[in-house]
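Bear in mind these aren't lab numbers, they're just calculated from the coordinates by the rules spelled out. Remember, it's a predicted structure, so these values are computed and weren't measured experimentally. A quick note on method: Cβ atoms are made from the backbone with ideal geometry, for glycine too, and the neighbour counts reach across all protein chains shown.
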Amino acid sequence: MQLLNDVRVLDFGRYIAGPFCAALLGDLGADVIRIEKVDGSEDRFTSPVSQTGDGASFMQLNRNKRGLTLNPRTPEGHQILDRLIPTTDVVIANLPPDTLASMALDYESLRTQKPDIILTTSTAFGASGPYAKRVGFDGVAQAMSGNMHMTGNADEPTKNYFPYVDFTTASLNAMATLAAIIHRNNTGEGQHVQGCLLASALSIANGTLIEQALLQTNRSGSGNRGQTSAPSDTFRTKDGWILVQVVGNPLYQRWAGLMGEDLWRTDPKYATDETRGIHAVDISDRMQTWTGARTTAEAITELEEVRIPCAEVLSPQGALDNEQVQAMGFLEAVEYPGIDIAAPIATMPMDFSTLDVSIRRRAPTLGEHTNEILESLGFDKNDIATFKNARAI
């Protein structure tokens, strides 16, 4: 069973926040049409892995979609949109407001063609305020939310390698779009859903921001070492690295028992998560001595025996080879034109007992379904040839 079989989504998104939102809706069964520039959108070619230059992220973010090339600013492109929009339930476009208006994809223009349509957009900083017209990527929101200040060390602000703000915004946008679909089904009313990179980043940072506002703690980065519990850090073993996270007294008591020394239980400096965070260097030093005498496998086995959360620090290849990743099928081997081996594409990271959220389509090649979609709208071969000559498609 697929939840959104009767929902059509037009994905005008770029890079991550828009396309991943659309991919999640596609996983749930929506007919998602990815719309690109005639020569391909920029995000198609980021981190190229195929013979045609198609990129790794594009392959992930555009699963379960059909592909259409379109230039909406041409008269012929606008003619296509005039037929396509009335068949559409959701438009996703993480484009600046003035760009949307120039392509007649702003909410007011869309409503004139489809009164109950849902428009889902994203901005870097929000739709109003002094930064409303600024552009920004994931890293900008990381910088402004306090994340870079708290990641890395105090003398070197550090950005997360993986773009968690983009993916968070996309996931929240997908949830909000589903809420808008439910609202429309109940009331017949469409709406404009607006996500924001900075708002997403502030949501993730909010606990630390609350603490700062109320207590003026003025924290700064401490590398991998946690500041509100301990041991919470990365530790070198004889043959690698592991991460250990001990939070709360029950876990800490088990860790202290593993160390076999009374002072970790009796010294008031280590009585609570708060005080352990203050003295985290002491606890990390003790843990490093323990892990340094063991191989990674030995350390993890002993920590697992007393139920302490831990993991080997894996490289990207290590993550691909990991037995749990493989056993759960978190990554699905998907063939793609121009690549000799199947690509490991992440599936929707949730399981449903009755819904099918599998990868039914690989990401489309450039304009792969253009003719198919236009013919379904009633355009004939002569129309399509005219559109191509005008570079509208």
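For the reader, a short list of remarks on this structure follows.
- For a paramagnetic label modelled on Arg360 (point 7 Å from Cα along Cα→Cβ), amide N atoms under 20 Å away belong, within the stretch 17-59, to 19-35, 59.
- Helix-only CD estimate at 222 nm, as mean residue ellipticity for the chain, using -39500 (n - 2.57) per DSSP H run (n ≥ 4): -12000 deg cm²/dmol
- Average Cα contact separation per residue, the stretch 232-315, under 8 Å, 6 or more apart, as relative contact order %: 46 percent
- Under the span-like rule (Cα at least 24 Å along the axis, Kyte-Doolittle mean at least 1.0), DSSP H helices of the chain: 197-215
- Signed unit charges on C-beta, dipole axis of the chain, positive-most listed residue Val32, Gly195, Ala293: Gly195
- Simple spin-label estimate for Met1 and Glu335 gives 3.2 nm between the two label positions (7 Å along the Cα-to-Cβ direction from each Cα).
- Relative packing of peptides 3-14, 323-334, 243-254 - highest average C-beta neighbours within 10 Å first: 3-14, 243-254, 323-334
- The stretch 255-276 and the stretch 297-314: distance between their alpha carbon centers, rounded to Å: 19 Å
- Protection proxy ranking, peptides 215-224, 233-242, average beta carbon neighbours within 10 Å, highest first: 233-242, 215-224
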